[in-house]
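Working notes, beginning with the structure itself.
The values are calculated or read from the model by the stated rules, or taken from the named source; none is laboratory data. Remember, it's a predicted structure, so these values are computed and weren't measured experimentally. Note that we place each Cβ from the backbone using ideal geometry, even for glycine, and neighbour counts take in every protein chain shown.
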Amino acid sequence: MSKLLPSQEELHELFDYNPKTGELTWKTNLANNVKTGDQAGTLNQTGYINIKIKSSLYRSHRLVWMWQYGKDPGALEIDHINGNRADNSIDNLRLVTPEENSRNRKKPSNNTSGVTGVYKERKKWRAHLRFNGKRMCKGRYEDWFEAVCARKSAENRYGFHPNHGRIQ
């Protein structure tokens, strides 16, 4: 279960939000090192912006969701559609299940085929994907292109986001 977020009213008292840039800026001097108008939060090692409110640390995109819609996402996740975890513009955020969020991942850094879910095994190209918690093989192919087509076809069939497998 996720940490309970401050109310929409409290967030409106603390921050201004620019839906186009995704920036939250302080309305109030909550701490000595924060001034009115300063951008709220710091970028963490995984690319998310964290914001500290009254000794509790929150991910900025969750605060933005609550600020904008007045609803705590709870156990749902907020997907950054373009893959940029620091881009909290409202058009870049969507509420999804963890499984839906996994269908909009970037290509793993250790991928050698150039396409997510396609790899070489025993001199053949193999296409696979994970859906509903199950790993599914979509076939073994002599040709890389055939494996890629099988993978992309499965992505379309199972509702993967068009950005899935992007480079960044």
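If a residue must be within 20 Å of residue 82 (Cβ to Cβ) and touching a residue at least 12 places away in the same chain (Cβ under 8 Å), how many such residues does the range 42-57 contain?
Final tally of qualifying residues: 5.
Out of the range 50-86, which residues are hydrophobic (A, V, I, L, M, F, W, C), over 12 Å from the mean Cα position of the chain (by Cα) and buried (at least 17 other Cβ atoms within 10 Å of the Cβ)?
Those that are hydrophobic (A, V, I, L, M, F, W, C), over 12 Å from the mean Cα position of the chain (by Cα) and buried (at least 17 other Cβ atoms within 10 Å of the Cβ): 51, 53, 63, 64, 65, 66, 67.
Looking at (1) modelled with pLDDT under 90; (2) closer than 21 Å to residue 7 by Cα, which is the only condition residue 61 fails?
Going through the list (1) modelled with pLDDT under 90; (2) closer than 21 Å to residue 7 by Cα, residue 61 breaks only (1).
Conditions first: (1) of a type outside the set (D, E, K, R); (2) in contact (Cβ under 8 Å) with a residue 24 or more places away in the chain; (3) not in a strand (DSSP E or B). Residue 127 passes all but one, so which condition is the exception?
(3)
With a cut-off of at least 2 residues that are outside the structural domain of residue 152 (by TED's automatic domain parsing) and aromatic (Phe, Trp, Tyr), name the helices (runs of 4 or more DSSP H) lying wholly within the range 1-107.
The qualifying helices (runs of 4 or more DSSP H) are 60-69.
Please list, ordered by first then second residue, the pairs with beta carbon atoms under 6 Å, 6 or more apart or interchain, first in the range 78-96 and closer than 14 Å to residue 20 by Cβ and at pLDDT 95 or above, second surrounded by fewer than 18 Cβ atoms within 10 Å (Cβ to Cβ) and among the charged types (D, E, K, R).
89/20
Quick one: would you say residue 106 is among the basic types (Lys, Arg), surrounded by fewer than 17 Cβ atoms within 10 Å (Cβ to Cβ) and under 30 Å from residue 18 (Cα atoms)?
yes
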